[in-house]
1. Any idea which residue in the stretch 188-211 is most open to solvent (accessible area, probe 1.4 Å), counting only those that are in a loop (DSSP other than H, G, I, E, B) and either farther than 24 Å from K5 by Cβ or touching a Ser or Thr at 6+ places or on another chain (Cβ under 7 Å) (or both)?
2. Within 25 Å of R9 (Cα to Cα), among the acidic types (D, E) and not in a helix (DSSP H, G or I), is that true of E251?
3. Please find, among A108, A96, A129, A123, the residue that is over 8 Å from the mean Cα position of the chain (by Cα), farther than 14 Å from L174 by Cβ, open to solvent by less than 20 Å² (accessible area, probe 1.4 Å) and among the hydrophobic types (A, V, I, L, M, F, W, C).
4. Looking at this structure, is K217 among the basic types (K, R), under 17 Å from the mean Cα position of the chain (by Cα) and surrounded by 15 or more Cβ atoms within 10 Å (Cβ to Cβ)?
5. Kindly indicate whether any position in the stretch 233-252 is surrounded by fewer than 11 Cβ atoms within 10 Å (Cβ to Cβ) and within 21 Å of L109 (Cβ to Cβ).
6. Is it the case, given these coordinates, that A196 is within 30 Å of R260 (Cβ to Cβ), small (G, A, S) and in contact (Cβ under 8 Å) with a residue 40 or more places away in the chain?
7. Any residue in the stretch 218-237 that is part of a helix (DSSP H, G or I) sitting within a Cβ distance under 7 Å of a residue that is at pLDDT below 95 and β-branched (V, I, T)? List the pairs, counting only those 6 or more apart or interchain.
8. Please state which of the following conditions L185 fails to meet, knowing it meets all the rest: (1) part of a helix (DSSP H, G or I); (2) closer than 20 Å to C149 by Cα.
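The values are calculated or read from the model by the stated rules, or taken from the named source; none is laboratory data. All values reported here derive from a predicted model rather than from experimental measurement. Using ideal geometry, Cβ is built from the backbone for each residue, glycine included, and neighbour counts are taken over all protein chains shown. Surface accessibility is based on the protein's heavy atoms, side chains included, excluding ligands, DNA and RNA. Shrake-Rupley method; radii C 1.70, N 1.55, O 1.52, S 1.80 Å.
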Amino acid sequence: MSGLKLDRRDGVLTITLARPERLNAVDGALTEEMLDVLNGLMRDPATRVVVLTGEGRGFCSGMDIQGGGADDGAEAAEGRVQRLYRGIANGGEVTARLREIPQPVIAALHGPVAGMGVSWALACDLRVADPTTRFVVPFTDLGLSAGDCGLSWLLPRLVGPAKAAEISYRAQRLDAARALDLGLLTEIVDEGGDLAGAHALADELLTKSPYGLRRTKELLNMALDAPGLRRQLAAETGVQTLAFFSEDLAEGMAATLQKRRPEFKNR
């Protein structure tokens, strides 16, 4: 049984974590499916925006400890340590791919966002949540490190090192209001409206330049690890110069002068 549901329409791919009976806990099969989908998006110009959500009462309750994060069928081929390592490593690969795919990714959040689910949510570019959303970072209460699937890289960059330390050391739970105050959320919508809110935001992004969005995501990612301003300036100059050779730039300029919405064609 598939752990994902995919819905493609009008340039938007909605990926739904579909293990509601386990609060969308991540097992090995789900992780492999996620990697297959995200790898395909690396070379998919037709998909311009991605929405990631969870089916049922929550977004994601983290790694499925019962399954060790890996396929049950792998038990005969490798030991528990190897399966756990593979499951955690693959969960981290999903985090990396969410950052690396060229499409902006919007998370639609509700209910528990826990463990590995926090890393996946924070790896998205934007996050729309309803009031039931609660981020759960339980690791130090469980005897684990809060360095999980990219969390120790993502969290300090989103909230700053001091707040990241407080949240991680104290195994804090963050409700939607606190998460918004910390800058973890783009907006809070009415209860049950997170997916509709994410799709509304996706529709807004569809009106923007496809080249502009993809290259902006690329540059923002580079800036997180840029060794200095001049290296980033060089990258920006290359991207911006190429834009002047696109048909969409001429369309965007004309639409601005004519005070109308541009019709970008990704050319």
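1. Checked the stretch 188-211; the qualifying residue most open to solvent (accessible area, probe 1.4 Å) is E191.
2. no
3. The unique qualifying residue is A108.
4. Details: among the basic types (K, R): yes; under 17 Å from the mean Cα position of the chain (by Cα): yes; surrounded by 15 or more Cβ atoms within 10 Å (Cβ to Cβ): yes.
Answer is yes for this residue.
5. no
6. Values: within 30 Å of R260 (Cβ to Cβ): yes; small (G, A, S): yes; in contact (Cβ under 8 Å) with a residue 40 or more places away in the chain: no.
So A196 fails the test.
7. So the pair list comes out as L219/V239.
8. The one condition L185 does not meet is (1).
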